[in-house]
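To keep things clear, I will list the structure first and then write my remarks on it.
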Amino acid sequence: MREDLMNQVLQDLEDQRRRNEIIAREHRQTIRSREPEIAALMERREALIQQGMRGILAGHAAAGNLPERMEEISGRIHLALEKHGYPADYLSPVYSCALCRDTGFVGDRVRERCSCVQRRYQEKLRAAIGLPEDGRETFENFDPELFPEERTEGSSFTQRESILLVREACEKWVDLYPRQNPRDLVLSGKSGLGKTFLLHAMASRLIGRGTQVLLLSAYQFLETARRSYFEGEDGLEEVIGAEVLMLDDLGSEPLMQNVTVEQLFNLINERQRRNLATVISTNLNPEELKGRYTERIASRLTDRRNVLMLQLQGRDIRNGRA
């Protein structure tokens, strides 16, 4: 997916460059057909450029005052454009990114990807993994006022105090990546407690730092696992090899005989063997994880040496249910 997305970005940039060239060409044609005064100045400037190029190709130095003459004519063109109601830069090249001039690269000796390429890639990646287009699900937009100031059963903290502690732990995990410890993180709690929001906030922060993130719902993972198991498709390897894998709402997917448990174990076991970070949200507590997915999976998801498990409790903030 990453290579495909980058190829799309570069193709989009090339398409934009061509569209901008057409716009610039139309601007020049408009001036030549409608403004003879400016057209004459354009011809004089082009003649000076050609004269200078011929001199260089012939082994002669360009005229010493050529830069000054070029600047003087360009200044007259700008004034004439404004006089006739055009922007002063109407005849300048048109670029969507002035930094790389729509090439996608910056630097002379060392060529590097332009920041516009990274920004476009992040936008496509966010869309591809299902993050909201408005980009509002971030740590900065997290609103603790949505959570009630009442103590949850069996806890000395209010629900608001608890979610703030969980938010802080998630943000710290992300900010320390890839030096975070433990390596994996599990958000556990019933529906409507903020798990998916926090998962999206973590993904958004990581993507903004250039980290490769793959975000899947549990159902999407099951579909990928099913196709791999029954049809021999190789999509599961991309899931296993993702730099950071985020699996949302584990426990909501249907159980398929010899598929769900087996493929989930292979996924978790192989990613832990490769030391790759995995973040999971689930509506199941540790005992329910063991009952649904067997002891060997539950033990890997609750092992405190490798997993930071954060449990959310309280009232469903979407409809007020306890």
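The values are calculated or read from the model by the stated rules, or taken from the named source; none is laboratory data. None of these values were measured; they are calculated from a predicted model. Because the Cβ atoms are built from the backbone with ideal geometry, glycine has one as well, and the counts that use them run over all protein chains shown. Accessible surface is based on the protein model in full, side chains and every heavy atom, while ligands, DNA and RNA are left aside. Shrake-Rupley method; radii C 1.70, N 1.55, O 1.52, S 1.80 Å.
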Ignoring the sites themselves, what is the longest stretch of the chain with no GluC sites (Glu not before Pro) in a DSSP loop and at most 15 other beta-carbon atoms within 10 Å? 1-132
As an exercise, use a Förster radius of 25 Å and the Cβ-Cβ distance of A128 and R227 to find the FRET efficiency, rounded to the nearest 0.05. 0.90
Please find, in a Gaussian network model of the chain (springs between Cα atoms separated by less than 10 Å), the residue of D184, D249, D89 whose mean-square fluctuation is greatest. D89
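Which value, in debye to the nearest 20, describes the size of the charge dipole of the chain about its Cα centre when Lys and Arg Cβ atoms bear +1, Asp and Glu Cβ atoms bear -1, and nothing else is charged?
It comes to approximately 600 debye.
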Select from P67, P93, P148 the residue whose mean-square fluctuation is largest in a Gaussian network model of the chain (Cα-Cα springs shorter than 10 Å). P67
Residue-averaged [θ]222 nm for the chain, counting only DSSP H segments that reach four residues, each worth -39500 (n - 2.57): -17500 deg cm²/dmol
Tell me, what % of the accessible area of the chain is carbon and sulfur with a 1.4 angstrom probe? 47 percent
Per the chain, cysteines lacking a partner by the 4.7 Å Cβ criterion: C170
Among Q50, S115, L176, pick out the residue whose Cα is farthest towards the positive end of the charge dipole of the chain, where Lys and Arg carry +1 and Asp and Glu carry -1 on C-beta, about the Cα centre. Q50
Contact order relative to length for the chain, counting C-alpha pairs under 8 Å separated by 6 or more residues, stands in percent at 17 percent
With every protein chain kept in place and ligands, DNA and RNA left out, what is the accessible area per residue of the chain? Probe 1.4 Å, answer in Å². 57 Å²
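Is there a quick way to get the dipole size of segment 180-271? I mean about its Cα centre, with the Cβ of Lys and Arg at +1 and of Asp and Glu at -1; what is the value in debye to the nearest 20?
On the way: 8 positive and 13 negative charges, 111 e Å.
Roughly 540 debye, rounded to the nearest 20.
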Using the Kirkwood radius over Cα pairs of the chain, the Stokes-Einstein translational diffusion coefficient at 4 °C and 1.567 mPa s, in µm²/s and rounded to a whole number, is 53 µm²/s
Which of P148, Q311, L267 sits farthest toward the positive end of the charge dipole of the chain, with +1 on the Cβ of Lys and Arg and -1 on the Cβ of Asp and Glu? L267
